[in-house]
Each structure stands twice: as C-alpha cells, then as structure tokens.
Amino acid sequence: MLVTPLTKLLGIRVPVVQGGMQWVGLPPLVAAVSNGGGLGILTALTQPNPEALRQAIRETHKLTSKPFGVNITLLPTINPPDYEGYARAAIEEGVRIFETAGNSPGKLIRYFKQNGCIVIHKCTTIRHAKSAIRLGVDVVSVDGFECAGHPGEEDIGGLVLLARAAQELNIPYIASGGVADGRGLAAVLALGAAGANMGTRFMCTVEAPIHQNIKEKIVASNEQDTVHIFRTLHNTARVFKNKVSTEVVAIERKPGGAKFEDVRELVSGARGKQVYETGDPDYGIWSAGVSVGLIKDIPTCEELLARMEKEAEDVIDGLVKVRVEKAKL
C-alpha cells in the first residue's frame, strides 16, 4: 500500500483525488472513484443551485460509504453564484472535505474550518499556495503548466513547481496536471507530493458521465492535442484542440488583439456541455490536459486506481534497485 499524509488525512487507500470538473463531477463518477480507493469530488457549480447540490450529495451517499468531497470554484463574474448557499448545503448534508479554487477564497475557507472541515485549495504558484496556507487550508493542490483548465499565467511546469513546493511549503501538497498513470504518481511522490489530482484521466473512464465519442477521442489523441485559449486576455485555459478552440486562438492573434465579447459565443459553457452530451468534439470548448497523450483505454475507476497503485509500487521498487551499496574494499 502507498501510505502518505494524504491517505492518512482523508482516510483513502490510493493517494489520488479526482479533480472537480464542470459537467463531469457527478454522483456516478464521484462514487466510483471513492469506491475504487481514491477521493471523488462533486462539482458544486455543475448543479444549478444549492438545493440541487444537496440532492446530488444524497445520491452520492447512496452509492458509496467512502469519503468524498465537494469542489467550489470562485469564478470571476459580475453575478457570482450563491457560494455560501452551496457550502451550507454541503455541510448540512455531512460533507467534510472541500476543494476550493479561484480568487479570494478566504471567506469560504474560514467557514469550512469553523465547521471542522478539511480543505484542499488549488493554486498555480508557490506564492498563492503560501497565501492559502495562511488562510488555514490543510492541503494545497499545485497545478502545473500541463494541467487542464486554468494553469495560471507563469507557465511553470510540474517538475520544477513541485520541487519548489517541497522547498517552500510546510503542509502536504498534491500534484495536479500531467498525471494519468502509476509512473506519474510515483514521480510526483518522489518530488515531495503526498498524492496526485487527476481530471482528464477520470474523464476517460466507464463511469464518467460524458459521451462515449469524447472518451474515444481522448484515447485517439496525443500530447499535442491541447491548446491554450484566453492567453491575450490573461485568463489562460488549456482545452482540447478542435475547430472552436483553433478559431478562438486565431481571433486572439488578430492585429490589435481581442476582447472577450469577440469570442463569447464560441466559448459559452452551454456549448461545452453539449460536447459531453452529444459527443461532437468540435461543437464547443472542453477542457483537456496534456495527459491525453498518456491515455490509451477506458477502464472502470476501480480498475484504473488498482492499476495505478500497482504501477506506482513497481516503479518505487525499481528505483530502490538503482541504489547500489559501495563494495567493501
């Protein structure tokens, strides 16, 4: 078994957390990850309101007796969702593990800690990680350049970012971005992480609530099949490279640049949701990390986690053999 500060803190067998993914973090996937030994995460903002999240939590409780959490991502928007309502509903339904992300999470983190919760906060820089630690989080999830979604604007790859975390941070941290198998899990453990956060890899599982066409598209893809959009808007997002994302990048590169209004219709969340529902990979924007290049099959979550656990153990055992004692003279 792989025993780390993360497995001890969360009460899980495999040090792997399923990322909070919009339209994907639903009860069937969350329960499957938790039942497989990892930590499943419901995505609060996938639900239209706090009451719907309450029902999703109850459904997840019916599907698993294992620990699972709820992700609440604070979005840069003029009309913010009812974050406090989502948080209250989750706590009232017995959730005690939360993943937070986005800007200015202090108020939310304080509320969770006042209610005896474990908080994992996602961040893309050591500076932001230290800020989250000062707010009282228990674990930071460090997003490297390889990750799907928002990698920040500093373009620091996981290899350096995780090693910097080992130098600078005084609480457990987990690696997010680029991990899709046991070899990657062993690698981030070697870099000092207490586990890994995976999103793209869990999209390509039997239980993921997305169209089979999208799963097969991921399997057929390689590490060059993602692209960054919103770079010129300073809100970089890594997404799958398709007709829509290619058009967005072209608009951004026009002389004089682009405003969000120029691409608003192309990047709408409704279109992205339709991708997962209809299976047309070119209909809208959908998140995918560089790890698409490592994904070659569509296993159950239980199969995936068991395989990763064994692969990581085998890699670690193999590394022990690399070290050879000096022969006695």
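The values are calculated or read from the model by the stated rules, or taken from the named source; none is laboratory data. In this text, all values refer to a predicted model and were calculated from it rather than measured experimentally. Reconstructed Cβ throughout: ideal geometry from the backbone, glycine too, with neighbour counts over all protein chains shown.
Brief remarks on what is shown
- Selection status of Arg201, within 15 Å of the chain's Cα centre (by Cα), assigned to a helix (DSSP H, G or I), modelled with pLDDT of 95 or more and of a type in the set (Lys, Arg): yes
- Of the candidates Val248, Val315, Val275, the single residue that is of a type outside the set (D, E, K, R), within 23 Å of the chain's Cα centre (by Cα), buried (at least 17 other Cβ atoms within 10 Å of the Cβ) and modelled with pLDDT of 95 or more is Val275.
- Any chance Ala270 is surrounded by fewer than 17 Cβ atoms within 10 Å (Cβ to Cβ) and in a helix (DSSP H, G or I): yes
- Among residues of segment 275-298, those that are in a helix (DSSP H, G or I), in contact with a Gly (Cβ under 7 Å, 6 or more places away or on another chain) and more than 15 Å from Met21 (Cα to Cα), counted: 2
- Matching helices (runs of 4 or more DSSP H) fully within segment 1-95 where at least 2 residues are over 18 Å from the mean Cα position of the chain (by Cα) and among the small types (Gly, Ala, Ser): 50-63, 83-92
- Count - residues of segment 33-50 that are under 14 Å from Met203 (Cβ atoms) and touching a Gly at 6+ places or on another chain (Cβ under 7 Å): 4
- The one condition in (1) surrounded by fewer than 24 Cβ atoms within 10 Å (Cβ to Cβ); (2) part of a loop (DSSP other than H, G, I, E, B); (3) at pLDDT 95 or above that Ala193 fails to fulfil: (1)
- Residues located in segment 115-144, provided they are closer than 30 Å to Trp286 by Cβ and in contact (Cβ under 8 Å) with a residue 60 or more places away in the chain: Ile118, Ile120, Lys122, Val139, Ser141
- Only one of the listed residues (Glu216, Glu252) is under 21 Å from Trp23 (Cβ atoms), of a type in the set (Asp, Glu) and in contact (Cβ under 8 Å) with a residue 12 or more places away in the chain. That residue is Glu216.
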